[in-house]
Each structure stands twice: as C-alpha cells, then as structure tokens.
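Novice: Please see the structure below; I have some questions.
Coordinate-derived values only; no laboratory data. As the structure is a computational prediction, the values presented were derived from the model and not from experiment. Here the Cβ positions follow ideal geometry from the backbone for every residue, glycine too, while neighbour counts run over all protein chains shown.
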Amino acid sequence: MTVTLAESLGYSILGMAVVFVMLVLLMVVIFAMGKAMTQGKKRQPAAPAASEAPAAPVPAPAPDPKAGKVPARGSLGDVDLHTVDDRTAAILMAIVADKMGAPLNELRFISIKEIQ
Amino acid sequence: MGAISETLVNLWQSSGFSMLFDDWRNLIMIVLACVLLYLGIVKKFEPLLLVGIAFGMLLTNLPGGGLYHPELWDAIMDGTKTYGAVLAEGGLLDILYIGVKTSVYPCLIFLGVGAMTDFGPLLANPKSLLLGAAAQLGIYCAFILAVLLGFNGNEAASIGIIGGADGPTAIFLTSILAPHLLGAIAIAAYSYMALIPMIQPPIMRALTTEKERQIKMDQMRTVSKKERIVFPIVVVIFTVLLLPSVAPLLGMLMLGNLLRECGVTERLSDTAQNALMNIVTIMLSVSVGATTVGSRFLTASTLKIVALGLFAFCFSTVGGLLLGKLLCKLSGGKINPLIGSAGVSAVPMAARVSQVVGQKSNPTNYLLMHAMGPNVAGVIGSAVAAGFLLAIFG
C-alpha cells in the first residue's frame, strides 16, 4: 500500500491519538477500580475492629510480649508485631534483608509473630 | 585412480566450500553473524535473543545446508503454494519459521512476558499510562520518515514499530505487514534495545535540568491482590472491545499476568515464565535469524532500517521525557521527568536507565519502581500502536 507524505502525517496523528485515548481510558478505569476496591476495604473492618489492632499506628516503645499484635512503623508502611518486641523485629528484618540481598527500604514486612 | 579423483571432485563440488565464493554476500553475512555472536556472548547485548538470531543467520548463509528457502516463502506469499509445501519441501528452519509467520511465537512470548511482569507500579500510579503513550512518539516519527525515504505503507509501519522498543511486537507486526524486512527489523530492534543504556542517557540529560533529575518521588500506595487479579481481565475486555486487532498480543500478555496473579495457577505461571518462554525464544530467534539471507539482507533498505530504528528509539525517548516534564510542571514538581523515558517498553532496561541517571544527580533517589509504571505501560502502548497499524495496513 503506497502512502503519501500527507497521508502518513494523518495516520501518525490519528495513531498517536488512538494510543493516548486508549491509555487515558484505561487510566480512568484503573483509577475507578482502585477507588472501588479501597472503599470496599475501608468498609470491611468496621464491625470486627474492636478485637483487631487499632487503626492508627502506635509507636510502641516497649510492647508487652504477652500482648496481642502491635503495629510498628517501618520504612514501607506498618508492621504488625505479635508478641515480638521492637528490637527483635528490627533484628529479624535486617537479617531477612541481608539474606535476600535487598535493601531494607525496598522490602515490605506485614507482620512478625513468634511461633511457640 | 580416475574413479577416486572423480569422487574427490564430486565431493568438493557438493561441499559448501566450493559454493562459498559463488555469492560474496554469504561471506559478509557469515562475518556479520560472528560479530553479532561476539556482541551477544562477550558484550552481553540481549544475549538470549541475539545469540539465537546470529546463529540462525550463520546457518542460513552457509551454502548447501538447505535449512531455509526464501523462495518457498515467496511462493506462499504469492498464493502459488500453501503451508503444506513447507512441510514437504522445506528445511528445518522453514518449519520453525511457520511459528513466526503465523504470529504464534510473538504471542507466546507475550504470554511469558505477562507472567513475568508486575503491573503493581502501574496500578499504584495509573498516570504512568500517559508516559507509556507519549513514548510511542518515535513509532510515528519513524513511520513518516520511512515514507519520505520511499518505503511503502506496510514497510514504513513495520519500521516505525521499532520505536516501540518491544521485540515480539515488532516481529508480530512485521511478519504480517512486511515479512521480507523481518530479519533487518528484528536485528535493529533487539540491537537498539541492548544499546538503551547508551542511547537514552544523553537525551535524558539534554532534555532535563539538574533540579528536575534530583526530584524525589513519594512512596507508592500498596496494591491489593484483588486489584492485581481484576486488572488483566478488565484490560483485555476493555482494549479488545475498543481495538480488536490488539487481541492476540494483549490477550496473551494479560493471560500470562492473570496466571501469575490469580494465585491458583503457579505451575502454569512457572511454565509460561521459564520453560515455554525459553523454548519459544530459541525457535523465534533462530528462525528470525534465518531470514537474513545475504542476497536479500545486504541492501540499501537494511541500512535505512538501521538508521530509522535509531531515530525511532530516540524520538520515543524524547516523547516520554517531554510529557514527563509537563507532568512535573502540572504536579508542582512531584514527578521526576526521568521516568518518562522508561515509557519505551524495553522492560526493565529502560526503567533501570531512569534509576541510574536519577541516582547520578541525587544518590539517595530511588526511581526504579516509579519508572516501572511507565515501562510496563509502554508494553501496552506499543501493542496498541501495533494494533492500530495492523488495522490500517493489515
């Protein structure tokens, strides 16, 4: 199929527009999907919240090892500590990062629990 | 005595050595294949593909082997022969080439790519899709320039897609629109992908200020498992309904990603990422290399394709960076424009380049995960661009 310069310009503008429109629409869909899912998540813990961990992260300077889970602040969000003190948790996270050969600030720890 | 000498003469005449000098172009191609093998093995330029392509090139240009018959494929293109003729008359590489010609290999490679790709950064920051779209600029700039240089529409579209920096997409489109250019386009695409750490940084430095390169971006939000599972299903429904010609590539990409994320198909995900991917890579690379028969490859068109490919890569980088700068301005300096250059797919090489260039300006800057968003968006963007060109010229 032979194409003139003017046609090639037209196709290019149209092609770029198609790519942008498609990806912008996809972006809107992903935004909507993310919104819907995060809202669903927020609604879910409303009922059983009392028995679960407190919503706001607590620095927990010296948690009671016998207590339930305590969220501690990490470089990538919060870590739920179950019967583990801050110092032990920090040591464990450092060991995991070292063994995996990955920087600690790129790892996400969700919870640490002592198995008895 | 006479019989012995006659046998020796026959043996010599049937050997490849006697035919080697019949066409000087075969010799040049053998040297070129050795250079590419050197680049792949010693310099580690995309070795997983370049070694196979170079070896296919070597095999097809050794006279007398009969592994690949371009004239057979010409007859199939003309409609005078069918695929059945390949099985009856073709060599080993002709048979393997059926997978390229029918687009099976590029689509299976996309299945593996999908299984290996983490779309989390894209889901955490959907604006990355804009950068992935902008970085397709080079495709259309190279397309216009190719038309100016005398290529027809199908050829120009196939050359332009090199700017998408996505090997399987380039092979997919070229095998349908301009199969006679497949070898040159595949080699140009993979060579430039390997050269991204050399091509992109000067453009990145030229188009951004030191202050912009130092921008640190905020931590991305956590993406839930549910979002990761729903994403490939939504994308495939949405994109295929909008542009049906993207179905083979994006369908396989998203199937691979669903296998990875759904959590109940670990074995299939593992096969798609490793065994299947490796098998298809071997077949794809060797059969693409086989299309570089000296008499057809050593033409002025090949040189033009190599030059246009570089042009396409550069303009794709420019497109991503310019939109990155615009987003940086609009966001009040929260977006580092360097992540824009990662919009040329080339996963994860382009994202690594953004990280390296950013870290040179600010050693505490970690742009890698932010750059992965535009990087995987570029894969979707180049597949959409290929789907558009296929819809126009296919």
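Novice: Please state the charge dipole magnitude for the protein assembly as shown, taken about the Cα centre, from unit charges on C-beta atoms (+1 on K and R, -1 on D and E), reported in debye and rounded to the nearest 20.
Specialist: Working: 34 positive and 29 negative charges, 372 e Å.
The calculated dipole for the protein assembly as shown is roughly 1780 debye.
Novice: Further, regarding this structure: Could the peptides B:344-355, B:134-145, B:43-54, B:215-226 be put in order, highest first, of the mean number of other beta-carbon atoms found within 10 Å of their residues?
Specialist: Working: B:344-355: 25.7, B:134-145: 27.7, B:43-54: 20.2, B:215-226: 14.8.
Result, highest mean Cβ count within 10 Å first: B:134-145, B:344-355, B:43-54, B:215-226.
Novice: How far apart, in nm, are the 7 Å Cα→Cβ label points at residue B:198 and residue A:17?
Specialist: 4.0
Novice: Could you calculate the FRET efficiency of residue B:267 with residue B:221 from 1/(1 + (r/R0)^6), where r is the beta carbon distance between them and R0 is 41 Å, rounded to 0.05?
Specialist: Values: r = 31 Å, r/R0 = 0.75.
Working from the Cβ atoms, E equals 0.85.
Novice: Let me spell out the model: positive unit charges on the Cβ of Lys and Arg, negative unit charges on the Cβ of Asp and Glu, origin at the Cα centre of segment B:173-253. What dipole size does that give, in debye rounded to 20? Let's see the in-between values first.
Specialist: On the way: 8 positive and 4 negative charges, 63 e Å.
The dipole of segment B:173-253 has a size of about 300 debye.
Novice: Rounded to the nearest 0.05, what FRET efficiency is calculated for residue B:44 and residue A:31 with R0 set to 51 Å and r the Cβ-Cβ distance?
Specialist: Numbers: r = 40 Å, r/R0 = 0.78.
Taking R0 as 51 Å, the efficiency between residue B:44 and residue A:31 is 0.80.
Novice: May I pose another question? Using helices alone, what [θ] at 222 nm do you get for chain B, with -39,500 (n - 2.57) per DSSP H run of 4 or more residues, divided over all residues and rounded to the nearest 500?
Specialist: Numbers: 24 runs with 293 residues, N = 394.
The helix contribution divided over chain B gives -23000 deg cm²/dmol.
Novice: If a paramagnetic tag sat 7 Å from the Cα of residue B:71 along the Cα-Cβ line, which residues of segment B:277-297 would have the backbone N under 12 Å from that point?
Specialist: none
Novice: Farthest toward the dipole's positive end in the protein assembly as shown, which of B:244, A:82, B:264, given Cβ charges of +1 (Lys, Arg) and -1 (Asp, Glu) about the Cα centre?
Specialist: Working it through, the farthest residue towards the positive pole turns out to be A:82.
Novice: How big is the Cα convex hull of the protein assembly as shown in projection, averaged over all directions, in nm²? Walk me through the intermediate numbers first.
Specialist: Working: hull surface 122.8 nm².
Seen from a random direction, the Cα hull of the protein assembly as shown projects 30.7 nm² on average.
Novice: Note down the nm distance, to one decimal, between modelled labels 7 Å out along Cα→Cβ at residue A:107 and at residue B:14.
Specialist: 6.5
Novice: Calculate, for residue B:307 and residue B:24, the FRET efficiency according to 1/(1 + (r/R0)^6) with r their C-beta to C-beta distance and R0 30 Å; round to the nearest 0.05. Mind showing how you got there, number by number?
Specialist: Details: r = 24 Å, r/R0 = 0.78.
The calculated FRET efficiency here is 0.80.
Novice: While we're here: Residue by residue through B:143-149, how many Cβ atoms from other chains fall within 10 Å of the Cβ on average? Write down the numbers at each step before the final one.
Specialist: Values: counts 6, 7, 1, 2, 10, 2, 0.
Across B:143-149, the average partner-chain Cβ count within 10 Å equals 4.
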